[in-house]
Amino acid sequence: MPPLTPTRRRVAIFNDSASTLSTMANWCEMHGHGVFTAQVSHMAMPHLTVERLVLANRPEVIVYDLAMPYESAWDFLEMMRLLPALAGIPFVLTTNNKAALESVVGPTRTLQVTGKPDDRNELLRAIDTAAVHSGA
């Protein structure tokens, strides 16, 4: 696998789990990325809150962790992709059980993140790849 690049990115991480948010944010910050996080389940009007956060923080990449219930997490992802403020910002999709997610929504390009050290490196590579391919 290619080495991780030292490029600093502005990364938004959206998730329902406070511990997952903290872990992913720590991984990214340890590698020089500027990170802001939001726990989706704590948002009164998630679509408006996400849009406001993105406009205020201007991330280059959005990491969204698809958690159970997968149907509603997938629906929220589809809603986020329609928000004008998020147009052109690449997403890195993660989940802790890719097989279960795909049994509900079909094949995806989601990265399975289970907390292993290799997961951290894969996530960081995915962030860099998404940013580079978007021109960020």
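Odds and ends about this structure:
- With both labels modelled 7 Å from their Cα along Cα-to-Cβ, the N97 to A85 distance reads 3.2 nm.
- Length released on extending from H42 to H133, taking residue separation times 0.36 nm less the Cα-Cα span: 29.6 nm
- Distances between placed amide hydrogens fall under 5 Å for V92 paired with I62, V63, Y64, all partners being 5 or more residues away or on another chain.
- Mean sequence separation of contacting Cα pairs (under 8 Å, at least six apart), scaled by the length of region 14-131, corresponds to a relative contact order of 23 percent.
- Expressed as a fraction of 2.2 N^0.38 Å, the value expected for a compact globular protein of N residues, the C-alpha radius of gyration of region 14-134 is 0.99.
- A dipole drawn for region 1-85 from +1 and -1 charges on Cβ atoms has a positive end, and of A44, F14, A56 the residue lying farthest that way is A56.
- C-alpha center-to-center spacing [region 9-30, region 47-115] in angstrom: 13 Å
- Segment R109-R52, extension gain: residue separation times 0.36 nm, minus the distance between their alpha carbons: 17.8 nm
- When region 14-134 is described by a simple charge dipole with +1 on each Lys and Arg Cβ and -1 on each Asp and Glu Cβ, the residue from M79, P69, L123 located farthest towards its positive end is L123.
- Backbone phi angles across region 76-90, fed through the Karplus curve with coefficients 6.51, -1.76 and 1.60 (θ = phi - 60°), yield HN-Hα couplings of 5, 4, 4, 5, 4, 5, 8, 6, x, 5, 9, 4, x, 8, x Hz in residue order; Gly and Pro are listed as x.
Every number here is computed from the coordinates shown, using simple stated rules; none is lab data. Bear in mind that the values here come from a model prediction, so they are computed numbers and not experimental data. As a convention, Cβ positions derive from the backbone with ideal geometry for all residues, glycine included, and neighbour counts pool all protein chains shown.
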